[in-house]
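Note sheet for the following structure.
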Amino acid sequence: MKKLTPAEENYLKAIYHLLEEGPEKVSTNEIASLIQSKAASVSDMLKRLAEKELIDYKKYHGVSLTDSGHKTALHIIRRNRLWEVFLVEKLKFNWDEIDTLAEELEHVNSPLLVRRLDEYLGFPKFDPHGDPIPDEFGELSSKPRIVLSEVRSGQVGKIVAVNNSSAAFLKYLDKVGIYIGAKVEVLDTIEFDGSQELLIDGQKKVFVSKEVSANIQVMLHPA
């Protein structure tokens, strides 16, 4: 794997996440928005990554990852998500406290350390937010999932991931008792605004907005 600066790794990860949403290419402005940087600075970085053959980049024609860039991005994401598991499971951080720490630790690029960390954690398949952890070959585990806002009244499932990992959102979920692994039944969906009444673990009733339920992923139980 090519030796990269933390900034270069952050760009590769950002491009990967933007492409993950479906497009074949992403624009400089989209990257600038996600990275929170000026378009001119982004263009300079893209030229550097193109010179290292990690991206295909032509001005005004968008950006895509090369095979090498895709593989490198998955290695960065693997390190990030393994550190997130370590921080939550072993150091007892809350899931809303780990993003910044994991983003610093992900830049420690030691293949041996990553393999030992993976083994120490018991080879986890998913991070504390429910996102899949790439294995050492870049393979991702998957679960059949839909967003909670699409679940009909009377259906039951298990919460498996969140789309929004901001501290504010995760703290809200903690406050109302929603967590990864919880059993959830949709009791009612309000036609007016799409808000839902939920039953968590067969015990606690919770009302959530459509914005909240659209950021929660569930795996439905068989009918």
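With the simple model of a label 7 Å out from the Cα in the direction of the Cβ, Ile146 to Ser33 spans 2.8 nm.
Relative contact order for the chain: what percent, with Cα pairs under 8 Å and sequence separation of 6 or more? Write down the numbers at each step before the final one.
On the way: 333 pairs, mean separation 33.4, N = 223.
Once divided by the residue count of the chain, the mean separation gives 15 percent.
Using r as the Cβ-Cβ distance of Asn164 and Asp193, and R0 as 22 Å, what FRET efficiency do you calculate, to the nearest 0.05?
Details: r = 19 Å, r/R0 = 0.85.
That gives a FRET efficiency of 0.75.
Fully extending the segment from His107 to Phe93, taken as 0.36 nm per residue of separation minus the present Cα-Cα distance, adds 3.1 nm. Note on the range 132-223: percent of Cα-Cα distances in each 5 Å bin, starting at 0 and stopping at the bin with the largest distance, equals 3, 14, 25, 25, 16, 9, 5, 2, 1, 0.
In the range 44-86, Cα pairs under 8 Å separated by at least six residues give a relative contact order of 24 percent. With a 1.4 Å probe and every protein chain kept in, tell me what percent of the accessible surface of the range 1-136 is carbon plus sulfur. Of the solvent-accessible surface of the range 1-136, carbon and sulfur hold 50 percent. A 1.4 Å probe run over the chain, with the rest of the protein chains in place, finds 56 Å² accessible per residue.
For the ranges 123-129, 151-157, what's the packing order if you count other beta-carbon atoms within 10 Å of each residue, average per peptide, and put the highest first? Walk me through the numbers before you get to the answer.
On the way: 123-129: 18.6, 151-157: 14.6.
Descending mean neighbour count gives 123-129, 151-157.
Between Ser68 and Asp44, the FRET efficiency estimated from the beta carbon spacing at R0 = 22 angstrom works out to 0.60. The P(r) of the range 72-125 has a tail past 17 Å containing 28 percent of all C-alpha pairs. Label zone (Arg115, point 7 Å along Cα-to-C-beta; backbone nitrogen cut-off 20 Å) within the range 54-73: 71-73. Converting the Cα gyration tensor eigenvalues of the range 97-145 into ellipsoid dimensions via √(5λ) gives semi-axes, longest first, of 19, 15, 10 Å.
Under the Kirkwood approximation for Rh and a Cα-based Rg, what ratio Rg/Rh is obtained for the chain?
On the way: Rg = 19.2 Å, Rh = 19.0 Å.
Radius of gyration relative to Kirkwood radius: 1.01.
Taking label points 7 Å from Cα along the Cα-to-Cβ direction, Lys210 and Ala7 give a separation of 4.2 nm.
The values are calculated or read from the model by the stated rules, or taken from the named source; none is laboratory data. Keep in mind it's a predicted model, so treat the numbers as computed, not measured. We place every Cβ from the backbone using ideal geometry, glycine too, and count neighbours over all the protein chains shown. With ligands, DNA and RNA removed, areas are computed over all heavy atoms of the protein, side chains included. Shrake-Rupley method; radii C 1.70, N 1.55, O 1.52, S 1.80 Å.
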